[in-house]
Amino acid sequence: MPMKQALIALIRRYQRLGGSRSHFAIDCNFEPTCSEYACQALEAHGLRRGMALSLARIRRCNDRDAFNKRFDPVPEVPCQQHH
């Protein structure tokens, strides 16, 4: 199994087992959740860029007292220009 698929499988398992609510007793401050964001980033941008985006998102998710979820989607993949 390629590394990207293995990471996505691990994240999906984490989600099935309750995610941040179960493991850390907190709700994610973002929509989509950080784990869902990671899966989407890996799918859209590949292993290297997807991991960088995911880690940056997790670093932003540090407000334990947030009242409202913030919408923060995965950036779109830029269109390739043909010359």
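The values are calculated or read from the model by the stated rules, or taken from the named source; none is laboratory data. Keep in mind it's a predicted model, so treat the numbers as computed, not measured. Cβ atoms come from the backbone with ideal geometry, glycine included; neighbour counts cover every protein chain shown. Only protein heavy atoms, including side chains, enter the accessible area calculation; ligands, DNA and RNA are left aside. Shrake-Rupley method; radii C 1.70, N 1.55, O 1.52, S 1.80 Å.
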Sorted by accessible surface (1.4 Å probe, heavy atoms of the protein chains only), largest first, Phe67, Phe24 come out as Phe67, Phe24
Taking R0 as 41 Å and r as the Cβ-Cβ distance between Gln5 and Asn68, the FRET efficiency 1/(1 + (r/R0)^6), rounded to the nearest 0.05, comes to 0.75
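Relative contact order for the chain: what percent, with Cα pairs under 8 Å and sequence separation of 6 or more?
32 percent.
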Per principal axis, largest first, the Cα atoms of the range 1-53 extend in Å by 30, 22, 12
If one compares the long axis through the Cα atoms of helix 34-60 with the longest principal axis of the Cα atoms of the chain, the angle in degrees, nearest 10, works out at 30
The correct ranking of His23, His45 by accessible area at 1.4 Å, largest first, is His23, His45
If every Lys and Arg gets +1 and every Asp and Glu gets -1 at its Cβ, then about the Cα centre the chain yields a dipole, in debye to the nearest 20, of 280
By the Kirkwood definition, with r running over pairs of different Cα atoms, the range 26-68 has a hydrodynamic radius in Å of 10.6
If unit charges are put on Cβ atoms (+1 for Lys and Arg, -1 for Asp and Glu) and the dipole of the chain is taken about its Cα centre, the option from Phe24, Asn68, Gln40 lying farthest towards the positive end turns out to be Phe24
